Amino acid sequence: MQVTFTAAEISALVQPRAARGATAETIRGIAALDVAAAGDLSFLSNPKYKAQVTTTRASLLLVPADYEGEPGAGQMLLLVDNPSVALARICARIESLLWPRPAPGIHPSASVAAGAQVAASATVGPLCVVEEGAVVGECVHLQAQVFVGRRAAIGDDCWLMPGTVVAAECVLGRRVRLQPGVIIGSDGFGYEFVNGRHERIPQIGQVVLEDDVEVGANSTIDRARFSRTVVGEGTKIDNLVQVGHNVVIGKFCILCAQVGISGSSVIEDYVMLGGQAGVAGHLTVGRASKIAGGAGVTHSLPAKSFVAGNPPLPFNLDRRIHVLKQRLPDFFRRVEALEERVGVAEKTSAE
Amino acid sequence: MQVTFTAAEISALVQPRAARGATAETIRGIAALDVAAAGDLSFLSNPKYKAQVTTTRASLLLVPADYEGEPGAGQMLLLVDNPSVALARICARIESLLWPRPAPGIHPSASVAAGAQVAASATVGPLCVVEEGAVVGECVHLQAQVFVGRRAAIGDDCWLMPGTVVAAECVLGRRVRLQPGVIIGSDGFGYEFVNGRHERIPQIGQVVLEDDVEVGANSTIDRARFSRTVVGEGTKIDNLVQVGHNVVIGKFCILCAQVGISGSSVIEDYVMLGGQAGVAGHLTVGRASKIAGGAGVTHSLPAKSFVAGNPPLPFNLDRRIHVLKQRLPDFFRRVEALEERVGVAEKTSAE
Amino acid sequence: MQVTFTAAEISALVQPRAARGATAETIRGIAALDVAAAGDLSFLSNPKYKAQVTTTRASLLLVPADYEGEPGAGQMLLLVDNPSVALARICARIESLLWPRPAPGIHPSASVAAGAQVAASATVGPLCVVEEGAVVGECVHLQAQVFVGRRAAIGDDCWLMPGTVVAAECVLGRRVRLQPGVIIGSDGFGYEFVNGRHERIPQIGQVVLEDDVEVGANSTIDRARFSRTVVGEGTKIDNLVQVGHNVVIGKFCILCAQVGISGSSVIEDYVMLGGQAGVAGHLTVGRASKIAGGAGVTHSLPAKSFVAGNPPLPFNLDRRIHVLKQRLPDFFRRVEALEERVGVAEKTSAE
């Protein structure tokens, strides 16, 4: 951590209900209770670690308002309603100090087409490319080596990190964050098989990312064949995720790393997809469904499904089968034994 | 869509066998029959949607030559041999209008080594790097922020989109399209375990992409140890696919998103690999095989295999086992019941 | 191959125990015994190919010291202790000739902040960005279009290939190699669900890659929430791998392509993860464990585990179940037959 705080500064940030003890240490780091050292801030967010509060070496501690213990020597306790929320507030402050908003303006090494519209409050960092007809909104931050294609539109307060690509015609809402290497608007994967060759079907649609969407490093979202690939408001996408053309993802979904959604599928609101899960094409995954990591969804699922496996089964059934299948070797032996016993019985009965 | 057409212009493009009705609307979009609005072009390519032609609000419709219905008010039908092919022709036209070929020449912000050969008809866009000894063919389009390494060769009419990397010595045939973020020629993953450490085996071979290969966003293809990693003519690769060193992929294959092919495996012509499928190293997947999404190929497969699962099984067997395994809980109960009944029978018989 | 050698030059490199025969050919390539042509170097590293030595058309051959055959006309044998090691030495030489170390210095097109420290012996290639406070060590090679963020530190002798991103605060040890498109220090994927929305948890930690770590093309490693994501000394990571925030990977591990490690998991030393394997969050994979390709690790594993499947099972059990499950259709029939036979037996016995 490259920033430091006094205990008083942190107290001012989190506005505790009360405090106990005092520390003269400058707070130079954040650490879990069991590994914290002098100069660290720590926190009790999970009651099961309560005993560690009395043994931790942290200088400053965020504890729940009903915590009753006393601080050690040179230790200060801040009693707050919700230590996690208090910690998040401190981290947000650190984040803004570590990576302050850059000054507005276009870096001289950037290549911005004459016909592009860049808001005066936006920052276009070094070695970015903004093509003809693109629109870059208020307070947008194109960090470095970003590409914004023809007539693409970047909404207010977006942050595009190094090496991101927003291809022609694509549209980002407000406060969209693209981690490094994200590709928005690559061609959909569509071919017709004609005379023994795959002929490319032109992909002339868009990608639309609604407000507050975040996309993880090196993820890819393909443009639609002629309409729109959509990611709904507030949906969060992790690293190395693939979203095919014409997919429509609802609001407030979570797509963990390396998920793949094939073309034209619909993911309704509040769906959660575990890491490396896949969804085949032209399906619907119903609202608030949960798909376990590594699952392969080969048919549509109703709302609130909870599945695992490929093809998918209800999660509990999948896990029960997982237990039973380990008994298969024994089971085969039991059936063989039965066959023998029945054979003996039949023989006896025939005699 | 940023381009518009009159009905007459579209008619001129698709050369219909006949037309019925007329529309004064400017055509501003393309949409499926059920969602089309006034000003949209729509099409009947799948007979099961035939009834929708009479209710669609589209202004202009591509229908099969044997379609017998009449247009609605202000609606025009174009009767064509193959509505899908006609639509593709229109989309190709739109594509060329949306993204016209840029003018030839080297952008002043590009960094092109003195000893690189760039054809006069080629376009080297902003912030590209072309290293010493590289050859860039006729009408090639290096869009922006592209990297072409030492002695790499880019064949005529290739299009390399923003952020692609073609590393040293690699060779692209003609009309190769690389979507944004593609990496061609990263080092093969080869180590020898010596004295408790993994020692790197130098990877000094090439990658060769033959004519008409297309590679999807952020996919990676490793260079060979000392010979060539090859992707055959007309093979199409989707996003986030990994192709290991010394792999040889045949002609006209389809690799869907997030497929992984381990080192030295051979994929023969016309193979199709579903999304997230994996192939272990040093195997052969026979000609025209189909590998289901998520499958893990752990042994070589003969021509025309159709498999699913990890390890893979014939597709129909895999699906049959999937059905049977859901009956395992009941099945275990039945065997237990049998054991009891046989025990009773044995007892009876012994009496 | 763009470099050539005389047989004498190669002999000088590998220092053979003895030589037989002679060749006047210039050595222009390396090839396996069965495909080698005149002008090629070949080698016998696996005894099962011994017979091919007598039929190969290679001009120069690396053979074990105890090899007894004679060379063909115009063919030369070099007898060495270990042909593989000898070959690696030649390849390393070729590599250094193909891709010589560039001259030190900062390319005029690079954007290096005033407050960045770049060693005089380092090379900052075209169109790189080095932000404020970053430290670039001795003999570092930032090849082209590389991004090094605020206060990031790149250790001596690192090679960052085109399009790599090392985000703010991240630290690379010595001799780290990043293949093209690697992202180090993207935000961890952490949200709290508050009032129906996913609120971002600031990610203010680092990524630390220790000495001799290598990371494959387009792989992504997330920064920690507030501490460190760590990849231990000598660990090798293949392409398109995802490492989540707060993960700690030990020394000398191997992560094959498209592996995913979820947040806060611990991978101990010498673990090997096969392609497309996944590890869920907050688990420990014990020292020297082997995880088969495509496996999904859903619980912690003790040292030296060898597992496959999702959830994982001991490898041999998984493979045995794979065999047995193919017999399930027959097995169901056998149980049905048994039920019938027992029914008959019961009836008979009741009569």
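Every number here is computed from the coordinates shown, using simple stated rules; none is lab data. Model, not experiment: these values are computed from the prediction. Every residue, glycine among them, receives a Cβ derived from its backbone with ideal geometry; neighbour counts consider all protein chains shown.
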Next on the checklist: What whole-number volume per residue, in cubic angstrom, does the convex hull of the C-alpha atoms of the stretch B:194-306 give?
Outcome noted: 96
Checklist entry - In whole Hz, what ³J(HN,Hα) sequence does the stretch C:269-280 give by Karplus (6.51, -1.76, 1.60; θ = phi - 60°), x for Gly and Pro? => result 4, 6, 6, 10, 10, x, x, 6, 6, x, 10, 5
Checklist entry - So how strong a dipole does the stretch A:105-314 carry about its Cα centre when Lys and Arg Cβ are +1 and Asp and Glu Cβ are -1, to the nearest 20 debye? => result 380
Checklist outcome for this item: To the nearest 20 debye, the protein assembly as shown has a Cα-centred charge dipole, built from +1 on Lys and Arg Cβ and -1 on Asp and Glu Cβ, of 880
Checklist entry - Sorted from fewest to most neighbouring beta carbons within 10 Å, what does the list C:Thr54, C:Thr23, A:Thr164, A:Thr6 look like? => result C:Thr54, A:Thr6, C:Thr23, A:Thr164
Checklist entry - Within the stretch A:196-237, whose backbone N sits under 17 Å from a point 7 Å along Cα→Cβ of B:Ser96? => result A:200-204
Next on the checklist: Can you list residues from other chains, or at least 5 along the same chain, whose modelled amide H is less than 5 Å from the amide H of B:Gly105?
Outcome noted: B:Ala122, B:Thr123, B:Val124
Checklist entry - For B:Cys170, which sequence-distant residues (separation of 5 or more, or a different chain) have an amide H within less than 5 Å of its own amide H, given hydrogens modelled in the peptide plane? => result B:Ala152, B:Ala153, B:Val207
Checklist entry - Where the label is 7 Å out from Cα toward Cβ, how close does A:Ala22 come to the same position in every other copy, in nm, shortest first? => result 9.3, 9.3
Next on the checklist: Loop-only GluC sites (Glu not before Pro) in the stretch A:1-80, please: DSSP not H, G, I, E or B, and at most 16 other Cβ atoms within 10 Å.
Outcome noted: A:Glu68
Item to check | Within a Gaussian network of chain A (alpha carbon springs, distance under 10 Å), most fluctuating of A:Asn316, A:Asn218, A:Asn246 | outcome: A:Asn316
Checklist entry - How high is the relative contact order of the stretch C:7-98, in percent, counting Cα pairs under 8 Å that sit 6 or more residues apart? => result 31
Checklist entry - Cα centroids of the stretch A:82-145 and the stretch B:276-299: how far apart, whole angstrom? => result 44
Checklist entry - Given the options B:Ile27, B:Ile154, B:Ile249, which has the most mean-square fluctuation in a GNM of chain B, springs set between C-alpha atoms less than 10 angstrom apart? => result B:Ile27
Checklist entry - Hey, got the dipole for the stretch B:115-185? About the Cα centre, +1 on K and R Cβ, -1 on D and E Cβ, debye to the nearest 20? => result 140
Checklist entry - Using a basic spin-label model with each label point 7 Å from the Cα along Cα→Cβ, how many nm lie between C:Ala8 and C:Arg327? => result 6.8
Next on the checklist: Given the -39500 (n - 2.57) contribution per DSSP H run of 4+ residues, what per-residue ellipticity at 222 nm results for the protein assembly as shown, rounded to the nearest 500 deg cm²/dmol?
Outcome noted: -5500 deg cm²/dmol
Checklist entry - How high is the relative contact order of chain B, in percent, counting Cα pairs under 8 Å that sit 6 or more residues apart? => result 6
Next on the checklist: I need the shape label for chain B. Rule: rounded when a/c is under 1.5, else prolate if a/b > b/c, else oblate, with a, b, c from the alpha carbon gyration tensor.
Outcome noted: oblate
Item to check | Gaussian network model of chain A, Cα within-10 Å springs - most flexible of A:Leu283, A:Leu273, A:Leu44 | outcome: A:Leu44
Checklist outcome for this item: Taking a crude spin-label model, label points 7 Å out from Cα along the C-beta direction, the C:Ala24 to C:Ser84 distance in nm is 3.7
Item to check | Eligible aspartates and glutamates near C:Lys325 by straight Cα distance, threshold 20 Å, same-chain separation 8 or greater | outcome: A:Asp318, A:Asp330, A:Glu336, A:Glu339, B:Asp318, B:Asp330, B:Glu336, C:Glu336
Item to check | Distance between the stretch C:174-190 and the stretch A:224-265 - C-alpha centres, whole angstrom | outcome: 24
